[in-house]
Amino acid sequence: MTLRLFNTLTGQIEPLEPGDGKALRMYACGPTVYDYGHIGNFRTFLQIDILRRFLKLTGTDVRHVMNITDVDDKIIRNAGEAGVPIGEYTERYIGAFFEDLDALRVERPEQIPRATEHIPQMVALAERLAAVGAAYQTEDGSWYFRLKSFPEYGKLSKKDFSGMEDGARVDVDEYEKDSARDFALWKAVKPGETSWETAIGRGRPGWHLECSAMSMEYLGESFDLHCGGEDLMFPHHENEIAQSESVTHKTFARHWMHVRFLLVDGRKMSKSEGNFYTLRDLLLKGYKASAIRLALVSVPYGNQQNFTFDSLVDATKAIERLRTFRERLTAGKFLAGENPVIQEAAKNARVKFIEALSNDLNTAEARAPIFELARTANTAMDEEEFFAGDREAILPVLGDFDAVFDVLEDRDAEPTRRALAWAEKEGRLGDVAPELLAAQSLSDERIEALVAERSAAKKARNFARADQIRNELAEKGVVLEDSKDGVKWKRK
Ligand SMILES: [Zn+2]
């Protein structure tokens, strides 16, 4: 089934298919690596991950390029304040970014170019722009894009810039809509700043030029899809279109996908409001990476999401339900045969799942039939009307669900452990939830030993001691489950 996706450029939901009939060529604006990523950033990367996983599930290969902006105004300012070269400054945040993506199980794009490694391509694009009269140099040696040379400016964000003043300039990378002016392509070197000696002078690239040069380098002058957060639509994406189409006279990206804002507790996330969270902040509060992933993808990308801690609690419970269901399904012993009601329910769940995602990636509608299927099957198992053939019908449906949502395997211990190690190194153990610290204070070996001692106590009919151990472990966030195969334990 073909994915139908809202296209910001045309304002319509349209089929998304590879232009070359082979692989979908897509570009996503990557992080500017001057700090740790916040959950608003990660919502965007997660929703793009849902897109690429769904395309692959339904048989479309993807060629996904995501840049790393490792030189810009903020990076230069912060590295200068820290007294280190920008490469050294950005390296730790690049490492942290990939660690965070791994924690959230975001698949790696096929190519991840860095801005500082593509200066020649950017210079070449600036030269081409100058050759067609779309770029000019100012007295200080900087280069600007001449907005008046591109009458279609505003076609993506649907803003009217016809009244703007010719020659008014802006040299910062980020600016508000009322200051749509000629923007910097190349910034002449300032004392103490990182710079490159090039054919267009000594300096450094503007942010917008980076993405045009790198996307066209890897995907060609015209490609299928460009994605990013809605905050990038103007001016960044508008500028990318202007820079690219001015020299190629081809449609830069045919389809544009914008992930809408994340609010936290109903307000814009900001450090001064006290509602600003990085992924690491949430892990240290004791929330699991899988729950964060599910919470951040469960509201469709085209809707604004209001993130709350309750939504994380709900996601934790939802994942627990599905994992328990799958466990029951795989570990259970069922008689041969099929229950037609379950067979039908499994078939319907898969159809609804695929349909919902095909319809503009409606993740909320896609997860619902899977939970419904689990409920129906659980009831059938309780009533002993569930058979081996039903398991065979349901497992592939769960497989498809997890190919996109990827929360069924319990891989939560590792990201939490890494976040704790990071907090310790950064002197942030004070931010860690007490329960989490307590749970981590017990080594796996110590837990195993206590579990064994409890089993021995039970055998010896010393139930008081057995209960005491169970309670001690519970206080430290370790939950025991008695099953016929013995005792299982896990950290809450
Ligand atoms: Zn970009």
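Which angle between 0 and 90 degrees, to the nearest 10, do you get for helix 86-103 versus the longest principal axis of the chain when only C-alpha atoms count? Around 40 degrees separate the two axes.
Between helix 238-248 and the chain there is an angle of about 60 degrees, using the helix long axis and the longest principal axis of the Cα atoms.
Taking amide hydrogens as placed 1.01 Å from N in the peptide plane, the amide H of ASN306 sits under 5 Å from those of LEU263, each at least 5 positions away in sequence or on another chain. Cα centroid separation, region 117-149 to region 330-345: 65 Å.
The DSSP beta bridges internal to the chain are antiparallel in roughly 50% of cases. Look at the alpha carbon pairs under 8 Å that are at least 6 residues apart: their mean separation over the length of region 1-114 gives a relative contact order of 30 percent. Output the Kirkwood hydrodynamic radius of region 429-492, Cα pairs only, in Å rounded to one decimal. Mean inverse Cα-Cα distance, inverted, gives 12.3 Å.
Protection proxy ranking of 96-105, 331-340, by the mean of other Cβ atoms within 10 Å over each peptide's residues and highest first, is 96-105, 331-340.
Here region 348-492 is assigned +1 on the Cβ of each Lys and Arg and -1 on the Cβ of each Asp and Glu. Its dipole about the Cα centre then comes out at about 800 debye. Tell me the carbon and sulfur percent of the accessible area for region 23-66, rounded to whole percent, probe radius 1.4 Å. Here it works out to 39 percent. Take region 327-404 with all the other protein chains still there, run a 1.4 Å probe, and you get 49 Å² of accessible area per residue. Rounded, prolate or oblate: which one fits region 1-140, using the alpha carbon gyration tensor with axes a ≥ b ≥ c (rounded when a/c is under 1.5, else prolate when a/b beats b/c, else oblate)? Since a/c reaches 1.5 but b/c is at least a/b, the shape of region 1-140 is classed as oblate. Taken about its Cα centre, region 418-480 carries a charge dipole of roughly 360 debye when the Cβ of each Lys and Arg holds +1 and the Cβ of each Asp and Glu holds -1.
Using the empirical formula 2.2 N^0.38 Å as the baseline, the Cα radius of gyration of region 213-337 reaches a ratio of 1.52. Solvent-accessible area of region 234-299 (1.4 angstrom probe, protein heavy atoms only): carbon and sulfur portion equals 49 percent.
Spacing of the modelled spin labels on GLN343 and GLU139, each 7 Å from Cα toward Cβ, amounts to 8.4 nm. Which whole-number percent is the relative contact order of the chain (Cα, under 8 Å, 6+ apart)? 16 percent.
Charge tally for VAL84 (other residues, Cβ to Cβ under 12 Å; Lys, Arg +1; Asp, Glu -1): -2.
I need the shape label for region 371-492. Rule: rounded when a/c is under 1.5, else prolate if a/b > b/c, else oblate, with a, b, c from the alpha carbon gyration tensor. Oblate, because a/c is 1.5 or more while a/b does not exceed b/c.
Positive-end ranking of GLN305, ASN339, THR363 along the dipole of region 298-371, with charges on Cβ about the Cα centre, is headed by ASN339. The mean sequence separation of alpha-carbon pairs under 8 Å and at least six residues apart, normalised by the residue count of region 90-148, gives a relative contact order of 16 percent. Across the chain, Cα-Cα distances exceeding 42 Å account for 28% of all pairs. Rolling a 1.4 Å probe over the heavy atoms of the protein chains gives region 447-492 an accessible area of 66 Å² per residue.
This model, with +1 at the C-beta of Lys and Arg and -1 at the C-beta of Asp and Glu, gives region 10-75 a dipole about its Cα centre of some 280 debye. The GluC sites (Glu not before Pro) of region 207-289 that DSSP puts in a loop, and whose beta carbon has at most 11 other beta carbons within 10 Å, are GLU273. Between the amide H of ILE68 and those of ARG114, ALA115, distances stay under 5 Å, these residues lying 5 or more places away or on another chain, with hydrogens modeled in the peptide plane. For region 137-211, the solvent-accessible area with a 1.4 angstrom probe is 51 square angstrom per residue.
A dipole drawn for the chain from +1 and -1 charges on Cβ atoms has a positive end, and of GLY477, ALA315, GLY274 the residue lying farthest that way is GLY477.
Using just its DSSP H runs of length 4 or more, each adding -39500 (n - 2.57), the chain gives a mean residue ellipticity at 222 nm of -15000 deg cm²/dmol after division by all residues. Helix 363-382 axis versus longest C-alpha principal axis of the chain: approximately 10°, rounded to the nearest ten. Across region 1-83, counting alpha-carbon atoms alone, Rg and Dmax equal 16.6, 54 Å. An oblate overall shape is assigned to region 106-235, the ratio a/c of its alpha-carbon gyration tensor axes (a ≥ b ≥ c) being 1.5 or greater and a/b not exceeding b/c. Couplings for region 304-315, taken from phi via the Karplus curve 6.51 cos²θ - 1.76 cosθ + 1.60 with θ = phi - 60°, read 5, 10, 9, 7, 9, 5, 4, 5, 6, 5, 4, 5 Hz in order; Gly and Pro are left as x. Ordering VAL432, ALA457, TRP489 by the projection of their Cα atoms onto the charge dipole of region 425-492, which places +1 on the Cβ of Lys and Arg and -1 on the Cβ of Asp and Glu, puts ALA457 at the extreme positive end.
The values are calculated or read from the model by the stated rules, or taken from the named source; none is laboratory data. Model, not experiment: these values are computed from the prediction. FYI the Cβ positions are ideal-geometry reconstructions off the backbone, even for glycines, and counts take in every protein chain you see. The accessibility values were calculated without ligands, DNA or RNA, using every heavy atom of the protein model including side chains. Shrake-Rupley method; radii C 1.70, N 1.55, O 1.52, S 1.80 Å.
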